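Written below as C-alpha coordinates is the structure these notes are about.
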(Lines give C-alpha, C1' and ligand atoms only; values in the text may rest on other atoms or scores of the structure.)
Protein backbone atom coordinates (compact mmCIF):
# COMPACT_ATOMS: atom_id res chain seq x y z
CA UNK A 1 0.00 0.00 0.00
CA UNK A 2 1.49 3.33 -1.07
CA UNK A 3 1.67 6.25 1.34
CA UNK A 4 0.71 9.74 0.24
CA UNK A 5 3.96 11.76 0.49
CA UNK A 6 2.02 14.95 1.25
CA UNK A 7 0.23 13.21 4.11
CA UNK A 8 3.53 11.80 5.37
CA UNK A 9 5.17 15.23 5.26
CA UNK A 10 2.23 16.79 7.08
CA UNK A 11 2.40 14.15 9.79
CA UNK A 12 6.15 14.68 10.17
CA UNK A 13 5.73 18.45 10.48
CA UNK A 14 2.87 18.12 12.93
CA UNK A 15 4.78 15.57 15.01
CA UNK A 16 7.88 17.77 15.07
CA UNK A 17 5.86 20.80 16.13
CA UNK A 18 4.15 18.63 18.76
CA UNK A 19 7.57 17.72 20.19
CA UNK A 20 8.57 21.40 20.34
CA UNK A 21 5.33 22.36 22.08
CA UNK A 22 5.87 19.42 24.44
CA UNK A 23 9.23 20.91 25.37
CA UNK A 24 7.47 24.15 26.31
CA UNK A 25 4.88 22.18 28.29
CA UNK A 26 7.68 20.92 30.52
CA UNK A 27 8.38 24.54 31.44
CA UNK A 28 4.68 25.09 32.12
CA UNK A 29 4.43 21.97 34.29
CA UNK A 30 7.44 23.02 36.37
CA UNK A 31 6.81 26.76 36.69
CA UNK A 32 3.07 27.43 36.73
CA UNK A 33 2.40 25.65 40.06
CA UNK A 34 5.13 27.83 41.60
CA UNK A 35 3.69 31.05 40.20
CA UNK A 36 6.72 31.60 37.98
CA UNK A 37 6.79 33.14 34.52
CA UNK A 38 6.95 30.62 31.69
CA UNK A 39 8.95 33.08 29.58
CA UNK A 40 11.73 34.36 31.84
CA UNK A 41 14.29 33.42 32.95
CA UNK A 42 15.46 30.97 30.27
CA UNK A 43 15.37 27.26 31.09
CA UNK A 44 18.18 26.13 33.38
CA UNK A 45 19.39 22.97 35.06
CA UNK A 46 17.42 22.45 38.30
CA UNK A 47 20.66 21.34 40.00
CA UNK A 48 23.37 23.87 39.11
CA UNK A 49 21.07 26.54 37.58
CA UNK A 50 23.23 26.75 34.45
CA UNK A 51 21.14 28.00 31.50
CA UNK A 52 20.43 25.23 29.03
CA UNK A 53 22.21 25.81 25.71
CA UNK A 54 20.15 25.53 22.50
CA UNK A 55 22.03 22.38 21.49
CA UNK A 56 20.93 20.75 24.74
CA UNK A 57 17.31 21.82 24.32
CA UNK A 58 16.35 19.73 21.29
CA UNK A 59 13.25 17.69 22.20
CA UNK A 60 13.99 14.07 23.12
CA UNK A 61 17.27 13.96 21.18
CA UNK A 62 19.24 16.13 23.61
CA UNK A 63 18.03 14.08 26.58
CA UNK A 64 19.11 10.87 24.87
CA UNK A 65 22.53 12.23 23.83
CA UNK A 66 23.18 13.52 27.35
CA UNK A 67 21.90 10.24 28.80
CA UNK A 68 19.46 12.10 30.96
CA UNK A 69 22.05 14.25 32.74
CA UNK A 70 23.07 17.91 32.82
CA UNK A 71 26.11 18.62 30.65
CA UNK A 72 27.57 20.95 33.30
CA UNK A 73 27.03 19.26 36.68
CA UNK A 74 25.89 15.77 35.75
CA UNK A 75 22.63 16.04 37.71
CA UNK A 76 19.95 13.62 36.59
CA UNK A 77 17.21 15.06 34.38
CA UNK A 78 13.87 13.35 34.85
CA UNK A 79 12.64 11.04 32.10
CA UNK A 80 9.36 12.92 32.39
CA UNK A 81 10.79 15.61 30.10
CA UNK A 82 11.14 13.49 26.96
CA UNK A 83 7.99 11.57 27.95
CA UNK A 84 5.92 14.79 27.91
CA UNK A 85 7.39 15.75 24.54
CA UNK A 86 6.63 12.37 22.97
CA UNK A 87 3.18 12.24 24.57
CA UNK A 88 2.22 15.64 23.19
CA UNK A 89 3.46 14.78 19.69
CA UNK A 90 1.62 11.45 19.73
CA UNK A 91 -1.55 13.15 20.96
CA UNK A 92 -1.38 15.76 18.21
CA UNK A 93 -1.01 13.06 15.56
CA UNK A 94 -3.91 11.07 17.03
CA UNK A 95 -6.14 14.16 17.14
CA UNK A 96 -5.24 15.03 13.55
CA UNK A 97 -6.02 11.47 12.44
CA UNK A 98 -9.42 11.69 14.12
CA UNK A 99 -10.17 15.14 12.70
CA UNK A 100 -9.51 14.14 9.09
CA UNK A 101 -11.14 10.73 9.49
CA UNK A 102 -14.67 9.81 8.40
CA UNK A 103 -16.20 10.66 11.79
CA UNK A 104 -14.03 13.68 12.50
CA UNK A 105 -14.45 17.44 12.17
CA UNK A 106 -11.35 18.97 10.51
CA UNK A 107 -12.35 22.50 11.52
CA UNK A 108 -12.10 21.53 15.19
CA UNK A 109 -8.46 20.45 14.91
CA UNK A 110 -6.83 23.76 16.01
CA UNK A 111 -8.98 23.84 19.15
CA UNK A 112 -8.34 20.17 19.86
CA UNK A 113 -4.58 20.68 19.59
CA UNK A 114 -4.69 23.54 22.09
CA UNK A 115 -6.93 21.63 24.50
CA UNK A 116 -4.80 18.52 24.07
CA UNK A 117 -1.59 20.30 25.02
CA UNK A 118 -3.26 22.12 27.91
CA UNK A 119 -4.57 18.76 29.02
CA UNK A 120 -1.08 17.24 29.03
CA UNK A 121 0.15 20.05 31.30
CA UNK A 122 -2.89 19.79 33.58
CA UNK A 123 -2.53 16.00 33.78
CA UNK A 124 0.98 16.13 35.20
CA UNK A 125 0.37 19.18 37.39
CA UNK A 126 -2.71 17.61 38.98
CA UNK A 127 -0.86 14.34 39.58
CA UNK A 128 1.96 16.13 41.39
CA UNK A 129 0.23 19.06 43.05
CA UNK A 130 -3.42 17.96 43.22
CA UNK A 131 -4.73 21.10 41.59
CA UNK A 132 -5.65 22.50 38.19
CA UNK A 133 -4.20 26.04 38.03
CA UNK A 134 -6.48 28.88 36.93
CA UNK A 135 -3.59 30.22 34.87
CA UNK A 136 -4.13 27.30 32.48
CA UNK A 137 -7.84 26.49 32.89
CA UNK A 138 -9.44 29.95 32.68
CA UNK A 139 -7.81 31.01 29.36
CA UNK A 140 -9.34 27.87 27.85
CA UNK A 141 -12.79 29.49 28.09
CA UNK A 142 -12.24 32.16 25.41
CA UNK A 143 -10.06 29.75 23.42
CA UNK A 144 -12.86 27.18 23.35
CA UNK A 145 -15.46 29.79 22.43
CA UNK A 146 -13.35 31.10 19.54
CA UNK A 147 -12.51 27.57 18.40
CA UNK A 148 -16.13 26.44 18.32
CA UNK A 149 -17.32 29.62 16.60
CA UNK A 150 -14.56 29.24 13.99
CA UNK A 151 -15.57 25.62 13.41
CA UNK A 152 -19.18 26.70 12.96
CA UNK A 153 -18.26 29.42 10.47
CA UNK A 154 -16.06 27.04 8.47
CA UNK A 155 -18.49 24.11 8.34
CA UNK A 156 -21.77 26.00 8.42
CA UNK A 157 -22.96 23.61 11.12
CA UNK A 158 -23.89 24.83 14.59
CA UNK A 159 -24.58 21.92 16.97
CA UNK A 160 -25.45 24.28 19.82
CA UNK A 161 -28.01 21.99 21.47
CA UNK A 162 -25.59 19.02 21.80
CA UNK A 163 -22.90 21.42 23.07
CA UNK A 164 -25.27 22.79 25.71
CA UNK A 165 -26.25 19.25 26.69
CA UNK A 166 -22.55 18.42 27.08
CA UNK A 167 -21.93 21.47 29.25
CA UNK A 168 -25.04 20.80 31.35
CA UNK A 169 -24.17 17.15 31.93
CA UNK A 170 -20.57 17.83 32.90
CA UNK A 171 -21.29 20.82 35.13
CA UNK A 172 -24.27 19.15 36.79
CA UNK A 173 -22.44 15.92 37.63
CA UNK A 174 -19.05 17.33 38.56
CA UNK A 175 -20.35 20.52 40.14
CA UNK A 176 -22.99 18.54 41.99
CA UNK A 177 -20.42 16.18 43.47
CA UNK A 178 -18.24 19.11 44.49
CA UNK A 179 -21.20 20.84 46.18
CA UNK A 180 -22.60 17.76 47.93
CA UNK A 181 -19.20 16.64 49.21
CA UNK A 182 -18.18 20.13 50.29
CA UNK A 183 -15.16 19.95 48.00
CA UNK A 184 -13.90 16.67 49.46
CA UNK A 185 -15.10 14.40 46.65
CA UNK A 186 -14.23 16.76 43.79
CA UNK A 187 -11.95 19.78 43.50
CA UNK A 188 -13.22 23.13 42.28
CA UNK A 189 -10.56 23.05 39.56
CA UNK A 190 -12.40 20.04 38.12
CA UNK A 191 -15.62 22.05 38.17
CA UNK A 192 -13.96 24.91 36.27
CA UNK A 193 -12.56 22.52 33.67
CA UNK A 194 -15.92 20.80 33.13
CA UNK A 195 -17.58 23.43 30.85
CA UNK A 196 -14.60 23.45 28.47
CA UNK A 197 -14.57 19.68 28.03
CA UNK A 198 -18.35 19.36 28.06
CA UNK A 199 -18.87 22.03 25.38
CA UNK A 200 -16.17 20.68 23.05
CA UNK A 201 -17.29 17.07 23.37
CA UNK A 202 -20.94 18.07 23.05
CA UNK A 203 -20.08 19.91 19.81
CA UNK A 204 -18.74 16.59 18.51
CA UNK A 205 -21.84 14.77 19.73
CA UNK A 206 -23.87 13.93 22.82
CA UNK A 207 -22.43 10.40 22.74
CA UNK A 208 -18.89 11.77 23.06
CA UNK A 209 -19.81 13.97 26.04
CA UNK A 210 -21.76 11.28 27.92
CA UNK A 211 -19.28 8.45 27.29
CA UNK A 212 -16.39 10.69 28.35
CA UNK A 213 -18.11 11.45 31.65
CA UNK A 214 -18.86 7.81 32.38
CA UNK A 215 -15.35 6.78 31.34
CA UNK A 216 -13.77 9.30 33.72
CA UNK A 217 -15.65 7.92 36.72
CA UNK A 218 -15.10 4.32 35.65
CA UNK A 219 -11.35 4.90 35.36
CA UNK A 220 -11.29 6.68 38.72
CA UNK A 221 -13.07 3.76 40.37
CA UNK A 222 -10.78 1.18 38.78
CA UNK A 223 -7.60 3.02 39.74
CA UNK A 224 -8.88 3.73 43.23
CA UNK A 225 -9.75 0.07 43.83
CA UNK A 226 -6.40 -1.03 42.42
CA UNK A 227 -4.52 1.33 44.75
CA UNK A 228 -6.51 0.11 47.75
CA UNK A 229 -5.87 -3.51 46.77
CA UNK A 230 -2.15 -2.72 46.61
CA UNK A 231 -2.42 -0.95 50.00
CA UNK A 232 -1.21 2.30 48.49
CA UNK A 233 -4.44 4.11 49.31
CA UNK A 234 -7.51 3.81 51.51
CA UNK A 235 -11.09 5.10 51.42
CA UNK A 236 -9.98 8.49 52.75
CA UNK A 237 -7.12 8.97 50.30
CA UNK A 238 -7.51 11.96 47.97
CA UNK A 239 -6.94 11.13 44.31
CA UNK A 240 -6.55 13.94 41.77
CA UNK A 241 -9.53 13.58 39.43
CA UNK A 242 -8.34 15.87 36.64
CA UNK A 243 -6.32 13.13 34.91
CA UNK A 244 -9.40 10.89 34.80
CA UNK A 245 -11.50 13.68 33.29
CA UNK A 246 -8.87 14.30 30.63
CA UNK A 247 -8.40 10.64 29.71
CA UNK A 248 -12.16 10.16 29.77
CA UNK A 249 -12.50 13.08 27.36
CA UNK A 250 -10.17 11.34 24.91
CA UNK A 251 -12.13 8.11 25.18
CA UNK A 252 -15.35 9.98 24.49
CA UNK A 253 -13.84 11.79 21.52
CA UNK A 254 -12.27 8.76 19.87
CA UNK A 255 -14.77 6.06 20.77
CA UNK A 256 -17.97 7.71 22.01
CA UNK A 257 -20.16 6.71 19.06
CA UNK A 258 -18.70 3.20 18.92
CA UNK A 259 -19.34 2.59 22.61
CA UNK A 260 -22.89 3.95 22.49
CA UNK A 261 -23.70 1.90 19.37
CA UNK A 262 -22.29 -1.23 21.00
CA UNK A 263 -24.30 -0.58 24.16
CA UNK A 264 -27.55 0.01 22.24
CA UNK A 265 -26.85 -3.14 20.24
CA UNK A 266 -26.48 -5.17 23.42
CA UNK A 267 -29.66 -3.69 24.84
CA UNK A 268 -31.49 -4.51 21.61
CA UNK A 269 -30.15 -8.06 21.65
CA UNK A 270 -31.24 -8.47 25.25
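Of all residues in the stretch 81-133, those satisfying the criterion of being closer than 27 Å to residue 70 by Cβ, touching a residue at least 60 places away in the same chain (Cβ under 8 Å) and outside the structural domain of residue 253 (by TED's automatic domain parsing) are 84, 85, 86, 87, 88, 89, 90. All conditions but one from (1) surrounded by fewer than 20 Cβ atoms within 10 Å (Cβ to Cβ); (2) at pLDDT 95 or above; (3) in contact with a helix residue (DSSP H, G or I) (Cβ under 8 Å, 6 or more places away or on another chain) apply to residue 140; the one that does not is (1). Residues considered: 221, 215. Of these, the only one that is at pLDDT below 95, closer than 26 Å to residue 264 by Cβ and either out of contact with any strand residue (DSSP E or B) (no Cβ under 9 Å at 6 or more places or on another chain) or part of a helix (DSSP H, G or I) (or both) is 221. Tallying residues that are in a helix (DSSP H, G or I) and either more than 28 Å from the chain's Cα centre (by Cα) or outside the structural domain of residue 25 (by TED's automatic domain parsing) (or both) within the stretch 62-80 yields 1. Condition first: in contact with a helix residue (DSSP H, G or I) (Cβ under 9 Å, 6 or more places away or on another chain), modelled with pLDDT under 95 and more than 28 Å from residue 240 (Cα to Cα). Can you find one or more residues in the stretch 71-88 that meet it? Yes, some residue in the stretch 71-88 is in contact with a helix residue (DSSP H, G or I) (Cβ under 9 Å, 6 or more places away or on another chain), modelled with pLDDT under 95 and more than 28 Å from residue 240 (Cα to Cα).
Scan the stretch 147-171 for residues that are out of contact with any helix residue (DSSP H, G or I) (no Cβ under 9 Å at 6 or more places or on another chain) and over 13 Å from residue 105 (Cβ atoms) and the total you get is 1.
The values are calculated or read from the model by the stated rules, or taken from the named source; none is laboratory data. Small disclaimer: the values here were computed from a predicted structure and weren't measured. Virtual Cβ from ideal backbone geometry, glycine too; neighbours counted across all protein chains shown.
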